[in-house]
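The values are calculated or read from the model by the stated rules, or taken from the named source; none is laboratory data. Computed from a predicted model, the values in this text were never measured in an experiment. Here the Cβ positions follow ideal geometry from the backbone for every residue, glycine too, while neighbour counts run over all protein chains shown. Surface accessibility is based on the protein's heavy atoms, side chains included, excluding ligands, DNA and RNA. Shrake-Rupley method; radii C 1.70, N 1.55, O 1.52, S 1.80 Å.
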Amino acid sequence: MSALDVRSAQRTTNRSRVIHALRQNGAMSRSELSTVGLSRSTVASVVGELLEAGTVVEIVDTPRIGRGTGRPPGLVALNGRLGVAVGVEIANGIVRVALCSVAQELLLHESAPTDDEAAPEVTLQIVSSLIDRLLARQGFHRSQVIGVGIAMPGPIQRRTGLTGRACTLKRWVGINPRTVAAGVLQLPVLADNDANLAALAELTWGAARGLRDYAYIYTATGIGAGFVIDGGVYVGANGTAGEIGHTTIDEDGLVCECGGRGCLNTLANPDAITRHLWQSHRRRPAIDEVIRLAHDGDAGCRRVLADAGRHIGVAMANMYNLLDPELIVLGGNLAAAGAILIDPLRDSMVRRAIHAGEAVPPVVAGTLDENIVVVVGAAAAVVRDSARFPLPLKQTG
Ligand SMILES: [Zn+2]
């Protein structure tokens, strides 16, 4: 390799580092970019090159949310027209699709009803039409899609890529959503579970923006967790990390659908919460109504939500003792209960946490809309993964 080749290879590496940092963080100042292992002068020259090529753009006046109060001048971001990531959420009775530019701009989202008994290919055809419609509305061509992130309501086995039996959509169990979707959509695909992707959404745009280590609790039909460790989601050797709904809270409790006994899900999922209202209310309101009634002062509804919070707090204390996150974000359908659930959760957690008091991390409700947090997280996963989903750049120098 000649000295010229070495310099050229070094320039390519430096460009890739800057692009990767911008895909992870959105808009950044030049001094923030110099913390990714490049000198200030290298950052200045790489950014200059990228500006000239139209790969990055200067952002003059964008207030940034959740990263201090200052508004540092001279932010740069990737050019949002370079490419687009697609997020897809496959859920019970519905699919959602979202578009996000490579500059982390959320563009738009839409949903369509689906039949849970339909074959995955049929559901994916609906997804494909939604993608085409959204791309057309934003003036993007399919060739500008860098990748598609698919969110599944259950764990995906890491080695095989197959959806595990805990998936709540039975037609998808034992299916490899990545390869099936890649076949139908004819686009590069990643697949992960809903809790991990929602964790990425709150990391990218929400309550955990800019953090390196935090835990996200996703409450839906069951309770799942996404662990962000050193800036990335921890999936575990088998891809089942974060199945906090199946941790044991009561050894003598009800038998769970997983075959375990007294799992958190048997005590704090929507089914478990509403079960206890039959005696007092002579009916079982849906979880959204329970939360609404609780906010209106219904004592029974407040009680069952507080009890659920306490049970979740036991699981949180165990998780906190093992992982030491700097923040815990509660998302999904229980987040709307706010302090009614979170205060008892925190009390229960503090009582069992090894560092009581001040050292225990804050527990906050997620800031993103529960209906879109998963689908935009699926798009974020694609934007953040520059190794698997490169930008369609012209190769120069
Ligand atoms: Zn279980």
Could you run through segment 86-119 and say how many residues are surrounded by fewer than 20 Cβ atoms within 10 Å (Cβ to Cβ) and not in a strand (DSSP E or B)?
9
Here is a list: Leu264, Leu211, Leu197. Which entry is modelled with pLDDT of 95 or more and under 20 Å from Ala379 (Cα atoms)?
Leu197
When Val329 is run through (1) open to solvent by less than 70 Å² (accessible area, probe 1.4 Å); (2) closer than 28 Å to Gly297 by Cβ; (3) at pLDDT below 95, the failure sits at (3)
Is one or more of the residues making up segment 190-203 small (Gly, Ala, Ser), under 14 Å from Leu330 (Cα atoms), within 14 Å of the chain's Cα centre (by Cα) and open to solvent by 30 Å² or more (accessible area, probe 1.4 Å)?
no
Are any residues in segment 244-258 within 8 Å of the ligand (Cβ to nearest atom) and open to solvent by 60 Å² or more (accessible area, probe 1.4 Å), and if so, which ones?
Glu257
May I ask you to say which residue of Leu293, Leu305 is open to solvent by 20 Å² or more (accessible area, probe 1.4 Å) and either assigned to a helix (DSSP H, G or I) or farther than 20 Å from Ala225 by Cα (or both)?
Leu293
Which condition number in (1) at pLDDT 95 or above; (2) under 20 Å from Ala387 (Cβ atoms); (3) surrounded by 17 or more Cβ atoms within 10 Å (Cβ to Cβ) is the one that Val235 fails?
(1)
Is there any pair with a first residue in segment 267-288 that is assigned by TED's automatic domain parsing to the domain that holds Val304 and a second that is open to solvent by less than 30 Å² (accessible area, probe 1.4 Å) and in a loop (DSSP other than H, G, I, E, B) whose Cβ atoms are under 6 Å apart and which are 6 or more apart or on different chains, and what are they?
Asn269/Gly222; Arg284/Leu277; Ile287/Asn333
Among residues of segment 259-279, those that are at negative phi and within 9 Å of the ligand (Cβ to nearest atom), counted:
6
